[in-house]
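Take a look at the structure below.
The values are calculated or read from the model by the stated rules, or taken from the named source; none is laboratory data. This is a predicted model, so every value here is computed, not measured. Here the Cβ positions follow ideal geometry from the backbone for every residue, glycine too, while neighbour counts run over all protein chains shown.
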Amino acid sequence: MFTKILVAEDFDSINIALVQTLQTLDIDTIEYTKYCDDALLKYKKSIADTNPFDLVITDLSFVQDYREVAIASGNQLIDALRALNPNVKILVYSVENRAHNIRLLFEEKNINGYVHKSRNSISQLKTAITHIYNGSNYISPELEHVLHKQNNLEIDRYDISLLQYLAQGKSIDDMATTFLQLNIKPNSKSSIEKRVARLKDLFKAHNNIHLIAIVKDLGII
Amino acid sequence: MILRNVHSPFFIGFIVLLFLTSCSKNTKETTSYKTSITKAESFLESQTYDSAFYYYNAIKNLCNENNDSKNIIYPMLRMAEIQSVQGDLQSSEETFTEALPYLKKNPQNDYLAFLYNSLAMIYLEQHNPNEAFNYYQKSWSITTDSLKRCILKNNIAYNYMKQKNYSKAITLLKSLKNSDTLKNHDTDWARVLDNLGFSYLNKNNYTSSKEYLEYAKKIREKAKDSLGLTASFIHLAEWYKNSNPILANQHALYALKTATKVNNTNDRLEALSFLIQHENATLSKKYAVLYLKLNDSITSVQQKAKNQFAKIKYDSKQALLEAQQQKAMKEYFILGLICFVSFSIYVYYNIKKRNLKKLQETTYTTETRIAKKLHDELANDVHNTITFIDTQDLQKPENKEHLLHNLDTIYHRTRNISNENSTIDTGKNYFENFKSMVGLYQNSQRNILLQFENFYVEKINPELKIIVYRVVQELLVNMNKHSQATLVVLKIENTKKALSITYSDNGVGTQNKNFKKNGIQNVENRIFSVNGTLTFDTHTGKGFKTHISIPL
């Protein structure tokens, strides 16, 4: 298990909870700080002492107080840490739930874990640390969908024309022929069937008739 | 064009003398005044009268502009003098009369004496000796300088001579002839003696006459006073007229020669007229032709001078008028500019004030909205939780679970309020953030379907990006709260001319006319602030549809 962990979190109560949780994992050294500047300083010192921290746990948002700070946010701290040591393990522990922001943390800043501050975050933290120790990334289950691109709920003009043909009572066979003539792709029967199935899924329709009724009601066609 | 019309040989000295003393009294300090006066004086000295007149007129106008009634007198007197010398007596009189009120306002005896004397000379020239006498008297009464008084006395005597009152002239001139002051001024003294001699001649006192005329001639010869000499020769010719015609004609010829030498037209004419009368027929004819020619030239030159002065005066008046008009135009322009600038400033501040007011209103509504949300969505729940803790036994697992659940709800509501009011990145991450925001309202029971195929985010400005973000957010918050919808379709597209947002859900809808509360009212305000339009379509059980269009 990790022996040395640095925590950057500006709320004392959360810090206490964190430290308690980490102690159950038998971590030797747990240092915590309320400022990003201090966190970076501690990390630099640990490098100078040739005994760097194994893992850094940080929040994203820090409350501004009387103290003037050079690093104001978790995002900036992560950048600074990555500049010092590209391989440092970083676990983000935050209330941020906007998919795009979380996706960016994984894609651009290569964080190793993301735990959403919620009811179950204490147990999730333990799991996350174990995952990261074992070399895999972790994200809270309730936010897992943000990393999957397929949760795409966008519909395009292809879908609209499919729905229009369906509403006109055309069969899948007829559609395939028409699409082929108009050079609209995909125009194979199987792909068209797949798209219709997807639409039924998206619109929570039981069958094609139901699907048309729903999209008519919503005014899509 | 230089033509000296010396009305009578007895006056010139007086003018110059007066002006030499007066000249130093001009103390006007402006540069344009100084340059003009230097030029005018030098032109006058070189007898370039039209140019001198032009510059004196310029000075006059300058003083007029500055309301300088003191320094205006000198140039005016000079102008009048030039006009008089050039034979334009009427204009000269006019100019002198024009200068009179200024002199009355700023009494300067030297100037006034000169003015009266000059006017007297003009009246004399215009064959009005009575009027001339009046003015000589006026001049006399204010002249203190002994030489000037002598000259004036001489002038008065000459006036008597013109009136053929030779006895009075002789009395006056006799009192002058032994004046010590006069003896030091050859030309003036010679004039007195010459006039005395001529008066005796007309009184048929030939001996005294000859004596004085010869004496005057001698002084003038010594002083090389050609002007005076001409007069002496003419008078001597008159003297010899009866006793020795040949000598008389000879003297007349001398006079003609001297007068021609100094270009004194009047004296030439006088000499010629003597010769015409007394020479033989052939010569007389020759002189007559010369006389007519000279007379014509003097008339035309005088006319020319007259026209020129009038033109200079008119031109400068016109220039003055134009300058005044330009000044007025300039003033109007400046006034207009000031009006325009102040109006612009007024409008600018008004708009700024109005915008500030609008901003303050928006800020205020936002603040009250947040306050209301905190009250509605949080305070109640927190209070319920407090009551729950107060009344329930938290050792029981189900109560602990209930408490945790309540707290979790409060936590999520706080998150939502924060999200609804957090900053919006209008940069390159805008679209992804926007979709993330929409995604927050998606759950296992509800699908939010997006038609963003024709939504060209990069084509809209940051302000509009914020409006789109907030409007969609308000609609979704509203949906989340009230609709129980399981399907939401959101379509955004923008063309060059407009951006449109179409929202529809399959929720419960509403029949309530007052559905436009809080959130929806905010949507409306935001859309109206960018001149957009929006329509609602909702009935109980039939879902909720909105179409928004914003012109670009």
Seminar exercise, completed: Filtering the range B:468-519 down to residues that are charged (D, E, K, R), within 21 Å of B:THR533 (Cα to Cα) and more than 60 Å from the chain's Cα centre (by Cα) yields B:GLU474, B:LYS491, B:GLU493, B:ASP505, B:LYS513, B:LYS516, B:LYS517
For this session: Provide a single number: the residues in the range A:48-83 that are away from every other protein chain (no Cβ under 14 Å), aliphatic (A, V, I, L, M) and loosely packed, with under 14 Cβ neighbours inside 10 Å.
Result: 3
Problem set entry | Residue list for the range A:170-210, filter: within 11 Å of chain B (Cβ to nearest Cβ) and among the aliphatic types (A, V, I, L, M) | A:LEU199, A:LEU202, A:ALA205
For this session: For B:LEU292, indicate whether it is surrounded by 10 or more Cβ atoms within 10 Å (Cβ to Cβ) and over 26 Å from B:ALA80 (Cβ atoms).
Result: yes
Exercise. What is the number of the single condition among (1) surrounded by fewer than 17 Cβ atoms within 10 Å (Cβ to Cβ); (2) within 14 Å of chain A (Cβ to nearest Cβ); (3) without any contact (Cβ under 8 Å) to a residue 40 or more places away in the chain that B:THR387 does not meet?
Worked result: (2)
Exercise. When you go through (1) over 19 Å from A:GLU96 (Cβ atoms); (2) within 14 Å of chain A (Cβ to nearest Cβ); (3) among the hydroxyl-bearing types (Ser, Thr, Tyr) one by one for B:SER418, which number turns out not to apply?
Worked result: (1)
Exercise. Out of all the residues in the range B:426-448, which are in contact (Cβ under 8 Å) with a residue 40 or more places away in the chain and either at the interface with another protein chain (Cβ under 7 Å from one of its Cβ atoms) or of a type in the set (D, E, K, R) (or both)?
Worked result: B:ARG446, B:ASN447, B:ILE448
For this session: Just need a number here: residues in the range B:496-530 that are of a type in the set (Val, Ile, Thr) and assigned to a helix (DSSP H, G or I).
Result: 3
Exercise. Has the range A:86-96 got at least one residue that is at pLDDT below 90 and surrounded by 19 or more Cβ atoms within 10 Å (Cβ to Cβ)?
Worked result: yes
Exercise. Of the residues that make up the range A:148-169, is at least one loosely packed, with under 13 Cβ neighbours inside 10 Å and away from chain B (no Cβ under 14 Å)?
Worked result: yes
Exercise. With (1) small (Gly, Ala, Ser); (2) crowded, with 18+ Cβ neighbours inside 10 Å; (3) without any contact (Cβ under 8 Å) to a residue 12 or more places away in the chain as the list, and A:ALA128 as the residue in question, which single condition is left unmet?
Worked result: (3)
Problem set entry | Among (1) within 14 Å of chain A (Cβ to nearest Cβ); (2) in contact (Cβ under 8 Å) with a residue 60 or more places away in the chain - the single one B:LEU475 does not satisfy | (1)
Problem set entry | Hits in the range A:85-103 - residues which are within 16 Å of A:THR58 (Cα to Cα) and either within 14 Å of another protein chain (Cβ to nearest Cβ) or not in a loop (DSSP other than H, G, I, E, B) (or both) | A:LYS89, A:ILE90, A:LEU91, A:VAL92, A:TYR93, A:SER94, A:VAL95, A:GLU96, A:ASN97, A:ASN101, A:ILE102
Seminar exercise, completed: Those residues of the range A:104-118 which are of a type in the set (D, E, K, R) and part of a loop (DSSP other than H, G, I, E, B) amount to A:LYS109, A:LYS117
For this session: Give the range A:101-132 a look and list any residue that's among the hydroxyl-bearing types (Ser, Thr, Tyr) and within 13 Å of A:ILE90 (Cβ to Cβ), or say none.
Result: A:TYR114
For this session: Tell me, yes or no, whether the range B:235-248 has at least one residue that is modelled with pLDDT under 85, within 58 Å of the chain's Cα centre (by Cα) and part of a helix (DSSP H, G or I).
Result: no
Exercise. Does B:LYS435 qualify as being touching a His at 6+ places or on another chain (Cβ under 8 Å) and among the charged types (D, E, K, R)?
Worked result: yes
For this session: Please go through the range B:483-495 and pick out each residue that is assigned to a loop (DSSP other than H, G, I, E, B) and within 14 Å of chain A (Cβ to nearest Cβ).
Result: B:GLN484, B:ALA485, B:THR486
Exercise. Could you say whether any residue in the range A:54-62 is closer than 21 Å to A:LEU125 by Cβ and of a type in the set (D, E, K, R)?
Worked result: yes
For this session: Give just the number: which of (1) surrounded by 11 or more Cβ atoms within 10 Å (Cβ to Cβ); (2) over 26 Å from B:LEU440 (Cα atoms) does B:ARG413 not satisfy?
Result: (2)
Exercise. Is it true that some residue in the range B:449-469 is among the polar types (S, T, N, Q), more than 13 Å from every other protein chain (Cβ to nearest Cβ) and buried (at least 18 other Cβ atoms within 10 Å of the Cβ)?
Worked result: no
For this session: Inspect all residues belonging to the range B:300-311 and state whether any of them is within 25 Å of the chain's Cα centre (by Cα) and assigned to a helix (DSSP H, G or I).
Result: yes
For this session: Would you check if A:ILE71 is in a strand (DSSP E or B) and either under 26 Å from the mean Cα position of the chain (by Cα) or at pLDDT 90 or above (or both)?
Result: no
